[in-house]
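This report refers to the structure that appears directly beneath it.
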Amino acid sequence: MSTEKTRQVVEILKQHNQNHIIKYMQNLTEQEKELIENQILSIDFSQMSELYESTKKKIEIKENKIEEITYFDKQKLGNSKKKHLDDLGERIISSGKYAVVTMAGGQGTRLEHPGPKGTFKLDVYGKGKYLFEILIDNLKEANKKYGVIIPWYIMTSKQNHEETESFLEKHAYFGYDKNSVILFKQGELPLIDLKGKLLIGKNKLVKLASDGNGGTFASLRTSGALANMKERGIEWVFIGGVDNVLLKMADTTLLGLAIEQNVQIASKSIVKANPKERVGVFCKMNGHPKVIEYSELPEKMAEEVNSNGELKYGESHIMCNLFTIDAVEKISKEPLIYHKALKKNPYLDETGKEIIPQTENSYKFESFIFDAFPFFDDIAILRGKREEDFAPVKNKEGIDSPKTAKELYEKFWK
Ligand code: UTP
């Protein structure tokens, strides 16, 4: 049966070189066809063409003016300055104007844990602790200290939302006030193969994946979480990852520094271990704060040393960021750039047969949280300490793995 809608869908697919989907749809039932047609009508094909074209371009940072970032070292602030900053920060938190967002919508492919990353149990102190539980411990500690209940917003993906919710329910939110935990879903983008063709997933629809942690801002607004924050009178929003077991989500020194410096964004950094460490580093590009990914930082710049004998681009971004609520709203309305990631993604071919690729076959497009920094003139950077602030669980084994995170976590708490 050929309807007006089908004709429209076929036209769009032809126009955008997606003829493989027209063929694939011939073997679907009317009901399945209806679902994929609705999905196709909701896809922004000009955005997908632009993203595909962008995969062919090399990122060049040469023509831009790059400078070192200014930072404050937490260890060298001095007692009275530190106390002043802590007091400023404490005033905001204890008056209920502070919220925390955890970005938990990632796929966690490197860890290979079957489930949302926050449900991974780190083998600490014999009985182990889930990553979500470790975050909750940190929030509970802050609540006790400042006499409040910090509202906690968790960003999930469409794939892991239900599992995340039922896990937290099953564990009774590890004793956190359920009314102060708000889950919201992030956005998605289609996956394309190396020739720009959309992949079809096992569910007989165009295959989608979460659109990166930069999607946090727009998702906060479109999900209503931002409006919820405003109703609660929130002024400052902390946004962090799910997988750093030493993440301090309510650092009054960082907050105080942002207030004192009169800036809308702030971030905690740690010193890059060596020029080759695979971390993004802060700089100023054309007068605006920016993080350059390790893959985009030329080797020469990565090795440059300043007059203090330190790496010139040595302040690493550790996903420990603060924003005013106005900054969150502003960014939520701006388009962020997308970065491509080459991934192995199974898909259905034109005949409906599942293909499991042996090598990377597709691009996933992700925006990064730090791509929001250049929208501002300045940022307050507080240099923390690796052994106090950074123990990520990224890889199954080796560096930044459960083994290294366990060691750092137990050492810190000892
Ligand atoms: P990573 O970039 O390390 O990705 O995320 P990941 O999904 O945890 O792991 P890999 O790369 O697949 O192995 C850093 C933080 O950003 C969140 C993650 O959940 C983590 O807290 N994130 C990432 C999202 O919330 N959404 C995304 O689309 C991507």
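Summing Cβ point charges (Lys, Arg +1; Asp, Glu -1) relative to the Cα centre of the chain gives a dipole of roughly 580 debye. Would you please classify the overall shape of region 175-292 from the alpha carbon gyration tensor, given that a ≥ b ≥ c denote the square roots of the eigenvalues, rounded means a/c under 1.5, and beyond that prolate means a/b larger than b/c while oblate covers the rest? It is oblate, given that a/c is not under 1.5 and a/b is not larger than b/c. If a spin label sat at a point 7 angstrom from the Cα of Y294 along the line to its beta carbon, the backbone N atoms of region 320-347 nearer than 20 Å would be those of 320-321, 339-344.
Between N79 and S49, the distance separating the two model label sites (each 7 Å from Cα on the Cα→Cβ line) works out to 6.7 nm. For S362, the residues whose modelled amide H falls within less than 5 Å of its own, excluding neighbours fewer than 5 places apart on the same chain, are K343, N345.
Where a ≥ b ≥ c are the square roots of the eigenvalues of the C-alpha gyration tensor, would you call the chain rounded, which needs a/c under 1.5, or, failing that, prolate if a/b is larger than b/c, or oblate? The shape class here is prolate. Ordered by the count of other Cβ atoms within 10 Å of each Cβ, fewest first, M155, M301 give M301, M155.
Ranking T29, T156, T222 by Cβ neighbours within 10 Å, fewest first, what do you get? Ordered by Cβ neighbours within 10 Å, fewest first: T29, T222, T156.
Relative to the dominant Cα principal axis of the chain, helix 402-413 is inclined by about 20°. Measuring between their Cα centroids, region 30-93 and region 347-379 lie 14 Å from each other. Can you give the angle from 0 to 90° between the axis of helix 79-94 and the longest principal axis of the chain, with both taken from C-alpha atoms, to the nearest 10? Computed tilt is about 50 degrees. Computed from phi, the 3J(HN,Hα) profile of region 150-156 under the Karplus parametrisation 6.51, -1.76, 1.60 (θ = phi - 60°) reads 6, x, 10, 9, 10, 8, 10 Hz, with x in place of Gly and Pro. The Cα center of region 1-23 and the Cα center of region 252-281 differ in position by 49 Å. Going by the alpha-carbon gyration tensor, a ≥ b ≥ c the square roots of its eigenvalues, is region 31-150 rounded (a/c under 1.5) or, if a/c is not under 1.5, prolate (a/b greater than b/c) versus oblate? Note, shape of region 31-150 comes out oblate.
In straight-distance terms, cross-link reach from K343 covers every one of the aspartates and glutamates whose alpha-carbon lies under 15 Å from its own, apart from those fewer than eight places away in the same chain; here that gives E112, D193, D211, E360, E366. Counting only alpha carbon atoms, the long axis of helix 45-54 and the longest principal axis of the chain meet at about 60°. Here the Karplus relation 6.51 cos²θ - 1.76 cosθ + 1.60, evaluated at θ = phi - 60°, turns the backbone of region 388-401 into coupling constants of 9, 10, 9, 9, x, 10, 10, 9, 5, 9, x, 5, 6, 10 Hz, with x for every Gly and Pro.
A helix-only calculation puts the chain at -9500 deg cm²/dmol for mean residue ellipticity at 222 nm, using -39500 (n - 2.57) for each DSSP H run of at least four residues, averaged over all residues. Which residue fluctuates the most in the chain, going by a Gaussian network model with Cα springs under 10 Å, if the choices are L85, L28, L311? Comparing L85, L28, L311 in the GNM, the peak value goes to L28. Between A380 and I265, A266, S267, the built amide H atoms are under 5 Å apart, and every one of these is 5 or more places off in sequence or on another chain.
Read-outs: derived from the displayed coordinates by stated rules, not from any lab. Predicted model, so just to flag it, every value in this text is computed and none were measured. Note: ideal-geometry Cβ built from the backbone for every residue, glycine included; neighbour counts use all protein chains shown.
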